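Novice: Submitted below is the structure of interest, expressed as structure tokens.
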Amino acid sequence: MKNRFIMLCGMTALVVMPMAALHAADTPPEKPHSEQRTLTGLKPNIIVILTDDQGYGDLGRNGNKVIKTPNLDKMYDEGVHFEDFHVSPTCSPTRSSIMSGKHEFMNGVTHTIYERDRMSLKSTTIAQVLKSAGYSTGIFGKWHLGDEDEYQPDKRGFDEVFIHGGGGIGQTYPGTCGDAPGNTYFSPAIKHNGKFEKTKGYCTDVFFGQAMKWIETSSQGKQPFFTYIPTNAPHGPLQCPEEYIKMYAGKGDDQTARFYGMITNIDDNVGKLMTKLKELGIDNHTLVVFLNDNGGTGGGFNAGIRGKKGSAFNGGTRAMSLWRWPGMLKHAACDKLTAHLDFFPTFAELAGAKMPGDVAKKLDGFSLVPLLENPQAVWHDDRMLFTHVGRWNTGTAPQKNGACSVRWKQYLQCGRASLYDLKADPGEKIDIANQHKEVVEKLNKAYDAWWAEVLPCMENEQAYKTAPKENPFKVQYRKQFGEPALNKTLKK
């Protein structure tokens, strides 16, 4: 898909400049002159926190007057935040794009279940690229890109793996997508480097706690580390410790209290993580990135944006993107059109990684390093972002003209016909397609070319036909703990 960006907006190759590496035990480098690229090849520790179903409006700094997110608000104030940042409309798609730097359809991911959540084995992950640059890598939380052994994160570049199965703790769907049996958000069984462990505590606390243990160990070595913390919260079922629910008593219904409580619990863990980085003396050597995986689902406040999770409107894809690196990033807002697709080339450039040519050519994202250094820099101002919710019925042909949209400059075209000017009309209330037919035609032609390119890559569409009768996580769990297989249970 990179070819379409060459055609539409011009493409620059990843620049890898020789610079001294910045290890955990080093002191921050002196700041060079402003015209120089100061961040390329510095090899910071990288921590990515990805929440599940938290929306753009579920943050204090984004105008929510009810929710309590002091640590994320502080992170917002201490670094760079991208105001026109976008992800995919649902969870597996977003995860595959973060991992690969490619649109989810290029990874074969067109759904979140029915085998269509599996990231193509042909795709190279950012964890693999960072490992090639000397990083140790760890994931703590939700993978949701394939539960069969060959699709698991330990086969995709991660050294340390601490995850639940399927799309959520306790979730089960026909085929491969499902978690260990009987799991809930409290004391779940977690797969840790190939073996299940029965944990104690609330799931978000467990994931952050395990991540911080690994970070502490990793910080004692010479390698920089990449820590990926994709939480399953605040995705339903809305379960969280009672004290967090009580924080929102009288400020909405029970579901809102639980949803906000789950987010405040995440916020508390972000605060603990920041404290840990300071205690370890690696705060100035660590880039922390926070984002959510799709449009919001609960809480009721959407910052005036139209659409939520599962929508091709702006509210289905607009997300938070907070970047904190003390001593290296100043507080700034960036209004450039950016996306999760940009993480892969950004992290690669920061790490000084040399990507194989075939991998670099297939990237749909651009390095954010110029914007991290200068949020007002000239940067791919003619880019286009293509959104398709996917999720067409299993066994049917891919639906080209389903819930789709194209974003270009201030324009968002939805459903091939409607056009909105997000700068003048952020709530997408006024359809201006008849007044800008040339824009509609331009975006339709671009979408047609994009669809022709991604259609052959949808490799999982028929995989449901050969799916196993029992989820791999359940099979492994039963074998480890000596419980009978599902088919034997059914025969009794």
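Novice: Which of these values of semi-axes √(5λ) of the Cα gyration tensor in Å was calculated from the structure shown: (1) 31, 29, 24; (2) 38, 30, 19; (3) 44, 28, 22?
Specialist: Looking at semi-axes √(5λ) of the Cα gyration tensor in Å for this model, the match is (1).
Novice: Once amide H atoms are built 1.01 Å from N in the peptide plane, which residues 5 or more positions from GLU197, or in another chain, come under 5 Å H to H?
Specialist: Those lying under 5 Å, H to H, from GLU197 are ILE190, LYS191, HIS192.
Novice: Mind checking the full-extension length gain between LYS272 and ALA452? Use 0.36 nm per residue of separation minus the Cα-Cα distance, one decimal, nm.
Specialist: 60.1 nm
Novice: Report, ordered by chain and residue number, the lysines lying within cross-link reach of LYS276, taken as a straight Cα distance under 17 Å and ignoring same-chain residues fewer than 8 apart.
Specialist: The qualifying lysines are LYS74, LYS213.
Novice: In addition: At most 14 other C-beta atoms within 10 Å and a DSSP loop state: those are the exposed GluC sites (Glu not before Pro) I care about. Give me the longest piece of the chain that has none.
Specialist: Values: sites that count: GLU30, GLU35.
Segment 36-492 is the longest.
Novice: Once amide H atoms are placed 1.01 Å from N in the peptide plane, what residues at a sequence separation of 5 or more from GLY79, or on another chain, have their amide H within under 5 Å of its amide H?
Specialist: Those lying under 5 Å, H to H, from GLY79 are ALA332.
Novice: Right, next: Pairs of alpha-carbon atoms within less than 8 angstrom and 6+ residues apart define the contacts here; what relative contact order does segment 40-373 have, in percent?
Specialist: Once normalised by length, the contact order is 32 percent.
Novice: Please compute the length gained on full extension between LYS465 and LYS354, using 0.36 nm multiplied by the number of residues separating them and subtracting their Cα-Cα distance.
Specialist: 36.1 nm
Novice: Right, next: Checking understanding here: applying a Kyte-Doolittle mean of at least 0.0 and a length along the axis of at least 20 Å (C-alpha), which whole DSSP H helices in the chain pass? Spell out each step's value before the answer.
Specialist: Details: long enough: 203-219 (24 Å, 0.11); 254-279 (37 Å, -0.60); 437-454 (25 Å, -0.58).
Those that pass (Cα extent of 20 Å or more, hydropathy at least 0.0) are 203-219.
Novice: Shifting gears a bit: Give the percent of DSSP beta bridges with both residues in the chain that are antiparallel, rounded to the nearest 5.
Specialist: 50 percent
Novice: Moving on. What value, in deg cm²/dmol to 500, does the helix sum -39500 (n - 2.57) over DSSP H runs of n ≥ 4 give at 222 nm once divided by the residues of the chain?
Specialist: Only helices count here, giving -8500 deg cm²/dmol.
Where a number appears in this text, it was derived from the coordinates with a stated rule and is not lab data. Note that the structure is a prediction, hence the values are computed from the model and not measured. Reconstructed Cβ throughout: ideal geometry from the backbone, glycine too, with neighbour counts over all protein chains shown.
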